[in-house]
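Report on the following structure.
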Amino acid sequence: MSLVKLVDLPSFGDDRGGFVAIESSQSIPFEIKRLYYIFNTSGNKSRGFHAHINLKQIAVCVKGSCRFILDDGFHREEVILNSPTQGLMIESLTWREMHDFSEDCVLLVLANSHYDENDYIRNYDEFLGSVKNKTIEGHVINLLKCY
Ligand code: TYD
């Protein structure tokens, strides 16, 4: 199963220009509690390098481009975001890195909860540990269901 899930955003562009309308819990599969955007970027400055315990996000490159790396602890995939009509779904417990920002990049991020520094995992080994624990927890729950 691919880690890269792109969500098509409702697009109503015409000869007057592009137009995208985003609604919470509609085209975005969660309630949007927060949004933020990254701009004035430069190609040699990468960002991210963390995972979230619970947070889900969708990233939309509304202008320019950047390269995302997503890693679930088992697989690592990359995708170039360069379309204002598509969002990249970033599930919880997914390590993300953003590289190769174009100078004109504007990256909009929609999130399903308010900012919480305690939800961050900023150390890659700690992230792998959390993935392992969650996997073991899943196996135990499945075993218990058999009895
Ligand atoms: P961070 O998530 O670390 O950004 P990146 O992974 O892209 O480098 O956030 C950068 C700073 O902004 C950090 O000090 C926390 C702060 N911040 C908020 O206050 N609110 C927010 O919603 C976000 C995403 C970050």
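Results, tabulated for the structure shown:
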read-out	value
Packing-based ranking, highest mean first, of 29-35, 116-122, 50-56 given that Cβ atoms within 10 Å are counted	50-56, 29-35, 116-122
Solvent-accessible heavy-atom area per residue, rounded to whole Å², over the chain at 1.4 Å	62 Å²
Value of [θ]222 nm, deg cm²/dmol, for the chain, DSSP H segments ≥ 4, -39500 (n - 2.57) each, nearest 500	-5500 deg cm²/dmol
Potential lengthening between Glu77 and Tyr36 on full extension [0.36 nm per residue; Cα-Cα distance subtracted]	12.4 nm
FRET efficiency, 1/(1 + (r/R0)^6) with R0 25 Å, evaluated for Tyr120 and Asp100 via beta carbons	0.60
For the chain, projected area of the alpha-carbon convex hull averaged over all directions, nm²	10.4 nm²
Residue among Asn142, Ala21, Gln86 farthest towards the positive dipole end of the chain, charges placed on Cβ	Asn142
Which of Cys105, Cys146 is most accessible, then next, and so on - probe 1.4 Å	Cys146, Cys105
Difference of contour (0.36 nm per residue) and Cα-Cα distance, His50 to Asp14	9.1 nm
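The values are calculated or read from the model by the stated rules, or taken from the named source; none is laboratory data. This one's a predicted model, so the numbers in the text were calculated from it and none came from an experiment. Glycine gets a Cβ as well: all are built from the backbone with ideal geometry, and neighbour counts include every protein chain shown. Areas reflect the complete protein model, heavy atoms only, side chains present, ligands, DNA and RNA absent. Shrake-Rupley method; radii C 1.70, N 1.55, O 1.52, S 1.80 Å.
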